[in-house]
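Peer 1: Quick one: this structure, given as structure tokens, is what I'll be asking you about.
The values are calculated or read from the model by the stated rules, or taken from the named source; none is laboratory data. What you are looking at is a predicted structure, and each value in this text was computed from that prediction instead of being measured. All Cβ positions, glycine included, derive from the backbone under ideal geometry; neighbour counts span all protein chains shown.
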Amino acid sequence: MTDLNRVLIVDDNKDILSTFYEFFNSMNYEVKTAVDGLAALKILKDKSNCFDCLITDLVMPNISGVGLIAIVKKEFPDMKIIAMTGYGDQPGALASEAEADIVLFKPIDLFKIENTVSKLLSENSDNNEKHD
Amino acid sequence: MLKQKNENKTMTTPLIGVSKSILKIKELIHHVADTCLNVLITGETGVGKEVVAQCLYIESERSSKNFVKINCAALPETLLESELYGYEKGAFTGAHKNRSGKFQMADKGVLFLDEIGDMPLALQSKMLHVLQSGEFSPLGSEQEFKTDVWVIAATNHNLEDSMAQKRFREDLFYRLNIIKIEIPPLRKRKEDISPLIEYYLRLYKSEYPGNHGEKPGSDTLTKLINYPWPGNVRQLQNCIKKQMILKSWEKIFDELPKEEVKLSTSTKKGRKSKKTKTLPDTKNADTPASIISEFVDLSTSSEKLFEDISLKKIKKLASDKVEKEVIYFVLDKVGWNRSRASKILKVSYKTLLYKMHEFKVLPPV
Ligand SMILES: Nc1ncnc2c1ncn2[C@@H]1O[C@H](COP(=O)(O)OP(=O)(O)O)[C@@H](O)[C@H]1O
């Protein structure tokens, strides 16, 4: 119960990134951030890290959010994934195809996204309890 | 099939470079080589897009299968289609037997779509469909084949611009752009020039043991490092090869096209060439720079220059110039009878008057 929920937030817009960081921190999450898909992948592959939820932008340099989602789905199947996009429908559709749990369109209300995260994570723990 | 594989094995070139961008690309290759996610590689001609594609393939689990390349700019539409998907006997006149396409040849391996930005729109739709469904059918065939290929695409176009001009499908772009590898031009990663020279000197020496290529002296090396290399690594390679024969780096440097140097290096402010207008040299009157210099002042700083250069503006200036000439020519022929001239030019009388006013076309006094 004492464990904080851990989220990884990925966006190539540094302002958005720090806003999200501050907000989730204040809402009692353990937060890490990455500026693109490759940076995120390196954090994910670091064994000392472990996340409950990934919140990622979609259009980014090197590894796109869609690419990151596909990799995470395969390597960390339990992690919940929220995709955010500000680029029309295409990337969002690809994120759903890559099985993001939820796709949100920018601009996104911070409280709404926190709500979404907490719902997703509680689903998760409900399931775990049933299985235990 | 086997032949194709072997050919490629011997062709594989390591990605040489010590610049930040090349190191980052190497790291990226390492992290995504096993994901099999679609890749889009962008950069000017000769920067090493194919080298990067090969590195991805070599580091992947698919390296024991085929690496199949197709250049989407080199073939006319119908041929490109049959090359990609193959055809069935009787699909069109001349199709005497079944022929498999690149998609089949690349099965379980890599399909490298070079110059994807030049793919005709109709084939872009078909490509999108194949990437979405994972299935294709050869021309003239009803049968759908499952594909398992890793698609790596490359282009020297700015696809964002192509999309804005409706020459590239947005949905195809996003589907390919899952992993994006941008290779900067050589002039933006000058640290790589010296290691590239060293690598290729050694390689060519081992291929032609009789020849004595030598390293450039430090002065020449500095000049080579500061040259803007519009043809990127391929151009550098050619210089190194030539050097094996001419045995003089000085000569090689002197032979490099300098007109383009002036244009491209003006990115660096305060070049010596500041005051030298590119135009007056009549011998070069038709070089691109001299044509451009008719419409913009190339001798200004690059900031100002890049502000001044706009395709729309230049188009207007160029067409105005030609229109003015033509109007003058026709008016002169018909003794400045403006109504006759407007009929010949197929514009209204009013338009002609307007244009004469705009271009200050006046009868000789
Ligand atoms: N980083 C590099 N290291 C070694 N060779 C390179 C490198 N970049 C380019 N080359 C060589 O330069 C030539 C042009 O590269 P290529 O990959 O064909 O460029 P592009 O596909 O971008 O036009 C090739 O012969 C390639 O082997």
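Peer 1: Would you mind telling me which numbered condition in (1) assigned to a loop (DSSP other than H, G, I, E, B); (2) within 16 Å of the ligand (Cβ to nearest atom); (3) farther than 27 Å from B:ASN38 by Cβ B:LEU224 fails?
Peer 2: Single failed check for B:LEU224: (1).
Peer 1: Would it be correct to say that B:THR147 is under 26 Å from the mean Cα position of the chain (by Cα) and touching a residue at least 40 places away in the same chain (Cβ under 8 Å)?
Peer 2: No; evaluated as a whole, the condition is false for this residue.
Peer 1: Scan the range A:80-100 for residues that are crowded, with 20+ Cβ neighbours inside 10 Å and either under 22 Å from A:GLU123 (Cβ atoms) or at the interface with another protein chain (Cβ under 10 Å from one of its Cβ atoms) (or both) and jot them down.
Peer 2: Answer for the range A:80-100, where residues must be crowded, with 20+ Cβ neighbours inside 10 Å and either under 22 Å from A:GLU123 (Cβ atoms) or at the interface with another protein chain (Cβ under 10 Å from one of its Cβ atoms) (or both): A:LYS80, A:ILE81, A:ILE82, A:ALA83, A:MET84, A:GLN90, A:PRO91, A:GLY92, A:LEU94, A:ALA95, A:ALA98, A:ALA100.
Peer 1: For a quick check of your reading of the model, give me the residue pairs whose first member lies in the range B:133-144 and is on the phi > 0 side of the Ramachandran plot, whose second is part of a loop (DSSP other than H, G, I, E, B) and buried (at least 16 other Cβ atoms within 10 Å of the Cβ), with beta-carbon atoms closer than 6 Å and at least 6 apart or on different chains.
Peer 2: Going by the 6 Å Cβ cut-off, the qualifying pairs are B:GLY134/B:THR147; B:GLY140/B:GLU88; B:GLY140/B:ALA91.
Peer 1: Are there helices (runs of 4 or more DSSP H) fully within the range B:1-99 with at least 3 residues that are within 16 Å of the ligand (Cβ to nearest atom), modelled with pLDDT of 95 or more and of a type outside the set (D, E, K, R)? List them.
Peer 2: B:20-32, B:49-59
Peer 1: On the given criteria, is B:PHE103 assigned to a loop (DSSP other than H, G, I, E, B), of a type outside the set (Val, Ile, Thr), assigned by TED's automatic domain parsing to the domain that holds B:GLU144 and touching a residue at least 40 places away in the same chain (Cβ under 8 Å)?
Peer 2: The answer is no for B:PHE103.
Peer 1: Pairs under 6 Å by beta carbon, first residue within 23 Å of B:PRO185 (Cα to Cα) in the range B:196-218, partner modelled with pLDDT of 90 or more and loosely packed, with under 11 Cβ neighbours inside 10 Å, six or more apart or different chains?
Peer 2: none
Peer 1: Name the residue, out of B:ASP161, B:ASP192, that is in a helix (DSSP H, G or I), under 18 Å from the mean Cα position of the chain (by Cα) and more than 14 Å from chain A (Cβ to nearest Cβ).
Peer 2: B:ASP161
Peer 1: Now, a different point. Could you tell me whether the range B:202-215 includes any residue that is surrounded by fewer than 18 Cβ atoms within 10 Å (Cβ to Cβ), assigned to a helix (DSSP H, G or I) and at pLDDT 95 or above?
Peer 2: No, there is no match, as no residue in the range B:202-215 is surrounded by fewer than 18 Cβ atoms within 10 Å (Cβ to Cβ), assigned to a helix (DSSP H, G or I) and at pLDDT 95 or above.
Peer 1: Go through the range B:11-42 residue by residue and tally those that are surrounded by fewer than 19 Cβ atoms within 10 Å (Cβ to Cβ), within 14 Å of chain A (Cβ to nearest Cβ) and of a type in the set (Gly, Ala, Ser).
Peer 2: 1
Peer 1: Further question: Determine whether the range B:164-180 contains at least one residue that is within 14 Å of another protein chain (Cβ to nearest Cβ), outside any loop (DSSP other than H, G, I, E, B) and more than 18 Å from A:LEU94 (Cα to Cα).
Peer 2: Within the range B:164-180, one or more residues are within 14 Å of another protein chain (Cβ to nearest Cβ), outside any loop (DSSP other than H, G, I, E, B) and more than 18 Å from A:LEU94 (Cα to Cα).
Peer 1: May I pose another question? Note down all Cβ pairs under 6 Å where the first residue falls in the range B:41-55 and is more than 15 Å from B:LYS188 (Cα to Cα), the second is within 6 Å of the ligand (Cβ to nearest atom) and in a helix (DSSP H, G or I), and they're at least six residues apart or on different chains.
Peer 2: Between residues of the range B:41-55 that are more than 15 Å from B:LYS188 (Cα to Cα) and residues that are within 6 Å of the ligand (Cβ to nearest atom) and in a helix (DSSP H, G or I), the close pairs are B:ILE41/B:LYS49.
Peer 1: Within 14 Å of chain A (Cβ to nearest Cβ) and away from the ligand (no atom under 15 Å from the Cβ): does that describe B:ILE183?
Peer 2: no
Peer 1: What is the number of the single condition among (1) more than 30 Å from B:PHE173 (Cβ to Cβ); (2) within 14 Å of chain B (Cβ to nearest Cβ) that A:ASN28 does not meet?
Peer 2: (2)
Peer 1: Still on this structure, please answer the following. Restricting to the range B:201-243, name every residue that is within 18 Å of B:GLY17 (Cβ to Cβ), of a type in the set (Phe, Trp, Tyr) and out of contact with any Phe, Trp or Tyr (no Cβ under 8 Å at 6 or more places or on another chain).
Peer 2: Passing the criteria: only B:TRP229.
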